1. All but one of (1) at pLDDT below 85; (2) touching a Cys at 6+ places or on another chain (Cβ under 7 Å) hold for L299, so report the exception by its number.
2. Could you list, in sequence order, the residues of the stretch 455-466 that are in contact with a Leu (Cβ under 8 Å, 6 or more places away or on another chain) and either part of a helix (DSSP H, G or I) or surrounded by fewer than 23 Cβ atoms within 10 Å (Cβ to Cβ) (or both)?
3. On the basis of being outside the structural domain of V28 (by TED's automatic domain parsing), surrounded by 11 or more Cβ atoms within 10 Å (Cβ to Cβ) and over 27 Å from S17 (Cβ atoms), does L213 make the cut?
4. Only one of D319, D291, D324 is among the acidic types (D, E), at pLDDT 80 or above and on the phi < 0 side of the Ramachandran plot; which?
5. For the stretch 221-242, name all the residues that are in a helix (DSSP H, G or I) and surrounded by 13 or more Cβ atoms within 10 Å (Cβ to Cβ).
6. I need the full set of residues from the stretch 354-375 which are out of contact with any strand residue (DSSP E or B) (no Cβ under 6 Å at 6 or more places or on another chain), crowded, with 17+ Cβ neighbours inside 10 Å and part of a helix (DSSP H, G or I), in order please.
7. Looking only at the stretch 349-397, how many residues end up being within 17 Å of V325 (Cβ to Cβ) and in contact (Cβ under 8 Å) with a residue 12 or more places away in the chain?
8. Are there any pairs, at least 6 apart or on different chains, whose C-beta atoms fall under 8 Å, with the first in the stretch 154-171 and in a helix (DSSP H, G or I) and the second surrounded by fewer than 15 Cβ atoms within 10 Å (Cβ to Cβ) and among the acidic types (D, E), and if so, which?
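The values are calculated or read from the model by the stated rules, or taken from the named source; none is laboratory data. Bear in mind the structure is a predicted one, so any value in this text is a computation, not a measurement. Cβ: placed from backbone, ideal geometry, glycine included. Neighbour counts: every protein chain shown.
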Amino acid sequence: MQTTSIQRRLIAVVVISQLLLAAGLVSVAVYFTRRQLRNAFDVGLQGRAMSIAALVRYSEEERPSLIFEGDLVPPSLQPGHPDLYEVTTPGGRLIARSPSWPQDLDARWEGEGDRAEFSLGPEKYRGLRLQNVPVLDREGDKPSSDFLTVTYAAPTAEMSRAVVHAGIYTGLASLLLLCIAVFLAIWAVRRGLKPLADLAASAAQISTSNWELRPSEAAQRTSELAPLTQAMTAMLDGLHRAFTQQREFLANAAHELKTPVAILKSTLQSLLQLPRTAEEYRTGLEDALDDMARLEKLLHSMLRLARAEQWAAGNLRRDLESVDVAATCQMAVARLRPVADERHVKIQLNTDGAVFLQADADDLELVWSNLLQNAVRFSPVGGSVQLRVHANGQRGYVEVHDSGPGIPQSELPHVFERFHRGDASRARNTGGYGLGLAISKALIEAYGGSITPMSRVGEGTTMIVSLPFKP
């Protein structure tokens, strides 16, 4: 798979943006320069046209007529390229015209209003036409009713050259600024990505023997990397816990399996060492079957826990129906009633109505059975266990409270660990293999809920299960 570089992308974005900025700057500079020069050129054309109009005067003959003093025409705006002018009356009578005036200028005149641009060979001209200009040189104080139409045009080569020079100078300045900006961008991007490179180098040192992420000081000070650092730290902590739990699970499973297997092996070996009677063989085989039953129960619990964790992780799909949580609690109470009666422990079930959940009734019944079994086991003889089902908002709650000795605060964080039991011994008479609460927690979390232990030494223990329910 082809790799990409964030650094190259960022630098490319900066270069492209600076190029667009430079192109826009050159375009704007050329546009405004051309506009300002053209306005100034039009003002100059208007002044020249009025100068030409001022050269028209009345003759000194008895019959007044308009004459043009051509020897006083001002020099051209651009040396070597003559200006063009024409003076006529509104009726079309020609009064004066420059020597180089083209005969087909009217056909070349392309523009709107009194301003136009046209070409004479390789030379481009810009012209201005003034309408109804009065004769400035009047005869005495007598007002004149004669008006003039003055057309004046001059070459635009100098103006075009000035616009080109402005574009070139602006482009060179933009190019210089572009080089400086690219240099600064490369330096800033490399410096800005260095904390990320340091973080990657620190992450590369993570291994099964080193789970600690040691980000550099620059990475810790970078606000954009803080969420990534926190997420990586949390992920590594989770992986470390999962790895440790998996390793402990294998060790504990091997230890738990070793005991019934060793007992079963010892029983069978004892049957083979000496000749036995039929009754002795029967007794030995029954003991072996009991050990096999305990081994089967342990394996079944381990498989149930593995399936629950896979389902919680989203690796398994199940078609679930709406189940009344209170009904599953009643079935669990009915299952544990004989055990409670044997210990003279009273189980009380209180419900505030039906609480429905998309779940498997067997899963929920197993959870309540595990919680009730622990509560009955640790309650004193003649004690009581309270099971309460109620709802609050969009959450349903199931609380199991016993009257046992309670759990020390130091043990509460570990009660849901696999193969964990409060007493240090692993004798079978302590009851169970330490998987009941782990299975219950995995199933509750698979349904989007949570289970929280609350306990005080000498006051009993309460397990609070919170589940999202459908009203």
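1. (2)
2. Scanning the stretch 455-466 gives a single hit, S455.
3. Details: outside the structural domain of V28 (by TED's automatic domain parsing): yes; surrounded by 11 or more Cβ atoms within 10 Å (Cβ to Cβ): yes; over 27 Å from S17 (Cβ atoms): yes.
For L213, the condition - outside the structural domain of V28 (by TED's automatic domain parsing), surrounded by 11 or more Cβ atoms within 10 Å (Cβ to Cβ) and over 27 Å from S17 (Cβ atoms) - is met.
4. Numbers: D319 fails: at pLDDT 80 or above; D291 fails: at pLDDT 80 or above.
One residue alone meets the criteria, D324.
5. Filtering the stretch 221-242 for residues in a helix (DSSP H, G or I) gives 221, 226-242.
The answer is A226, L228, T229, M232, T233, L236, D237, L239, H240.
6. Selection gives D363, L364, E365, L366, V367, W368, S369, N370, L372, Q373, N374.
7. First, pick out the residues of the stretch 349-397 that are within 17 Å of V325 (Cβ to Cβ): 349-372, 386-397.
Pick out the ones that are also in contact (Cβ under 8 Å) with a residue 12 or more places away in the chain and you get 349-361, 363-372, 386-391, 394-397.
Count: 33.
8. A157/E123
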